[in-house]
Every structure is written in C-alpha cells, then in structure tokens.
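Each remark here refers to the structure printed beneath this line.
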Amino acid sequence: MLSYQHSYHAGNHADVLKHLCLLALIEKLQIKAKPYFYLDTHAGNGCYTLTHAIAHNSQHVDEVVAAKLSAKMAGGNAVIQQYQHIVSSYLDKGMYPGSPLIAEAQAREQDTLHMSELHPQAFEDLSHWTKGTSLHIHKRDGFETLNALTPPKPNRGMVLIDPAYEQAQEYKQVEESVKSLIQKWPQGIIAIWYPLLSPTRINRNTKEIEDNPKASLSEKMLSNLSEFAEQGMIDIQFAVQKPSELVGMYGSGMVVINPPWQFEESMKPILSALTSQIQIDDNSLSHVQIVVPSP
Ligand code: SAM
C-alpha cells in the first residue's frame, strides 16, 4: 500500500531534524577527500510545493512555519548555515527540497548517490527534480535496493532509511534490513528516521480518547536495533511539543548506527537551536544520547 504523500508533511519539524542530521553526517564524510557512497532508500518526490500542502491541510501551516523559522535560525553553526543556504532559495519560491536535493547540493564529483522510490507519482517527480544531476534514481523497493547495492565499493558511506511507517510491519522491515546490512557492511553509517507518537489519540468517529496502536513501535525498534549495533549507536530526538491525544506525532528521532567520530558533539548545538527556535512548549524530552558507545 502506497498511500503516504510526503507533500503534506514537507518542511515540518521532522523534516528539519532529519535534513540537519543528514547534513551533519555529510559534513563528517567530507572531512576526507575520499569518495563516499550514499543511498536514500525512501527518497520521496525530490521537491515539494508548500503552498499546495497548505491549501490541502490547514493544520500544516504551523509545521511549514517550522521550516521557515529554521531557515532564519541565528548562530554560527556551520551545518545550520548550510541548511539555511540550501533551503532558503526553495522557501522563497514556496517550495521545500527533499533529502535527494539536499544530499545532491553537498555532493562532490567523486561521490556516488543513489535514491530509491517506489510510488509511481513520487518517482516521476523525483525524475523531474533530479534531471541533469549525477544522482542515480531507482524505481524500486527501498529495502531491496539497499540489499542490492551494498556493500558498496568503495566501502565508505552512508544510507538514509526514511520510511513512511504507514504500516506496523515497516518497523520490523527496518530492523531486519539493518541487521543484515551491518553483517555485510560493518563500516557503513546507517541513519534511520522514526516518528515519536503520542500514546493516545482521539477517535475520528466516536471522538473518544483511545490508545494509539503504533505508539511504542519506534521505541521497540530502537531497543532491538541497539542489540546488534555493536559499533556504536547515537539517538537524537526532537520533541516539538509534549505528547497528547491532540497531536499524533509530537516529535521524531534519528538514530545513527556506526556514527562518525564526535557526531554527538556536532548534533548538540543543532538540537539546542531546534529546541530554542522551533519547540512550541517547555518540554524537556529532546536529547542527543549515546545508546551504544563506539568501540
Ligand atoms: N526522504 C524524503 C525526504 O526527506 O525528503 C521523504 C520520504 S517520505 C517520508 C517516504 C517515501 O517513501 C514516500 O515518498 C513513499 O512513497 C516512499 N515509499 C513507501 N514505501 C516504499 C518502499 N517500499 N520503497 C521505496 N519507497 C517507498
């Protein structure tokens, strides 16, 4: 089932966290001139029209504001400045760039970038937005592409795994794919985005408060991933607001397996900028946490 459309969520707090984290990882990979391999397993459309998203979902306006705010974030952090530089020209046109265009903006001639997207319309958009670039695009299941293209040669690089998590089985699919990826490519950096979901929600029909069946799946996935991430695992969570039955996704996280050296130090000022500029209440749920120390 491919009903998820990222255009309704483009530029929200979750995209901002994910794309800042992505840029921080790319910065680490580019410390050396050696080429790197990059794969985005769930690439999306490439670029999104925000005005279109707002027209279709009035609740989305605040979320888009998050992206606009982030584009104005003050401070001398180099990764935030890169982010501002990349997104500002798109925001000026009422657009927001997806992960493929963000990764492509930073890529050097020697790097090889692959993008996998299964949804026919999203793939068509991705083809349009990446035309004339050096990106390799695949109309294929992201987990299949991951298996087919790894281990890469040369073997330095990273994968971004960013599923829609529409179905509960996607959490298990991530775990299984990552487990086999670590076995065949122990050096690879693996970055996985996941949602932070409130434990309860309001039933649309009955208006009653009920348990959210997907609420603890991210936490379970993290715990299972930590079992086989022997080479280190860092978890970054940004809670834009407190969990409540009024919000489904109250924040999101990025878990990075085999993180580059001092990656947590790079992410701390970024998370602190997000909490001071974008967070809408006074919760203290956000963190940068070493879950498994690097050997
Ligand atoms: N990574 C994108 C970004 O940051 O701009 C957003 C990706 S969006 C969260 C998830 C995408 O995965 C959607 O475009 C959806 O069509 C696609 N998708 C869903 N199932 C997939 C699968 N099995 N393989 C590849 N793509 C899939």
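So which residues in the range 219-262 are modelled with pLDDT of 95 or more, more than 15 Å from Pro295 (Cβ to Cβ) and of a type in the set (A, V, I, L, M, F, W, C), if there are any at all?
Once the filter is applied, which keeps residues that are modelled with pLDDT of 95 or more, more than 15 Å from Pro295 (Cβ to Cβ) and of a type in the set (A, V, I, L, M, F, W, C), the range 219-262 yields Met221, Leu222, Leu225, Ile236, Phe238, Ala239, Met254, Val255, Val256.
From the set of residues in the range 178-197 that are open to solvent by 10 Å² or more (accessible area, probe 1.4 Å) and without any contact (Cβ under 8 Å) to a residue 40 or more places away in the chain, which is farthest from the ligand (Cβ to nearest atom)?
Gln183
Can you find a residue in the range 147-168 that is hydroxyl-bearing (Ser, Thr, Tyr), out of contact with any strand residue (DSSP E or B) (no Cβ under 7 Å at 6 or more places or on another chain), open to solvent by 70 Å² or more (accessible area, probe 1.4 Å) and not in a strand (DSSP E or B)?
Residues of the range 147-168 that are hydroxyl-bearing (Ser, Thr, Tyr), as a first pass: 150, 165.
Of the ones still in play, those that are also out of contact with any strand residue (DSSP E or B) (no Cβ under 7 Å at 6 or more places or on another chain) are 150.
Those still in the list that are open to solvent by 70 Å² or more (accessible area, probe 1.4 Å) too: none.
The answer is no; no qualifying residue exists.
Considering only the range 272-295, how many residues are in contact (Cβ under 8 Å) with a residue 60 or more places away in the chain and more than 19 Å from Leu197 (Cα to Cα)?
The total comes to 7.
Being open to solvent by 20 Å² or more (accessible area, probe 1.4 Å), under 18 Å from Leu160 (Cα atoms) and touching a Phe, Trp or Tyr at 6+ places or on another chain (Cβ under 9 Å) is the filter here; which residues of the range 109-137 pass it?
Thr112, His114, Glu117, His119, Ile137
Under 9 Å between Cβ atoms, at least 6 apart or on separate chains: pull out the pairs that start in the range 13-31 with a residue that is within 15 Å of Thr275 (Cβ to Cβ) and end on any residue that is hydroxyl-bearing (Ser, Thr, Tyr).
From residues that are within 15 Å of Thr275 (Cβ to Cβ), the pairs are His13/Ser70; His13/Ser252; Ala14/Ser252; Val16/Ser70; Val16/Tyr83; Leu17/Ser252; Leu20/Ser70; Leu20/Tyr83.
Can you tell me which of Ser252, Ser226 is of a type in the set (Gly, Ala, Ser) and not in a strand (DSSP E or B)?
Working: Ser252 fails: not in a strand (DSSP E or B).
Just one listed residue meets the conditions, Ser226.
The conditions are (1) over 21 Å from His9 (Cα atoms); (2) within 13 Å of the ligand (Cβ to nearest atom), and Gln121 fails exactly one of them. Which is it?
(1)
(1) under 19 Å from the mean Cα position of the chain (by Cα); (2) farther than 24 Å from Gly46 by Cβ; (3) among the hydrophobic types (A, V, I, L, M, F, W, C): which one isn't true of Leu126, the others all being true?
The failed condition is (2).
Within the range 198-207, is there a residue that is among the aliphatic types (A, V, I, L, M) and either part of a helix (DSSP H, G or I) or under 21 Å from Ala24 (Cβ atoms) (or both)?
First pass over the range 198-207, keeping only residues among the aliphatic types (A, V, I, L, M): 202.
After this cut, where a residue has to be either part of a helix (DSSP H, G or I) or under 21 Å from Ala24 (Cβ atoms) (or both) as well, the list is none.
Looking for residues that are among the aliphatic types (A, V, I, L, M) and either part of a helix (DSSP H, G or I) or under 21 Å from Ala24 (Cβ atoms) (or both), one finds none in the range 198-207, hence no.
The values are calculated or read from the model by the stated rules, or taken from the named source; none is laboratory data. Remember, predicted model here, so these are calculated numbers, not experimental data. Here Cβ is always computed from backbone atoms with ideal geometry, including for glycine, and neighbour counts include all displayed protein chains. Surface accessibility is based on the protein's heavy atoms, side chains included, excluding ligands, DNA and RNA. Shrake-Rupley method; radii C 1.70, N 1.55, O 1.52, S 1.80 Å.
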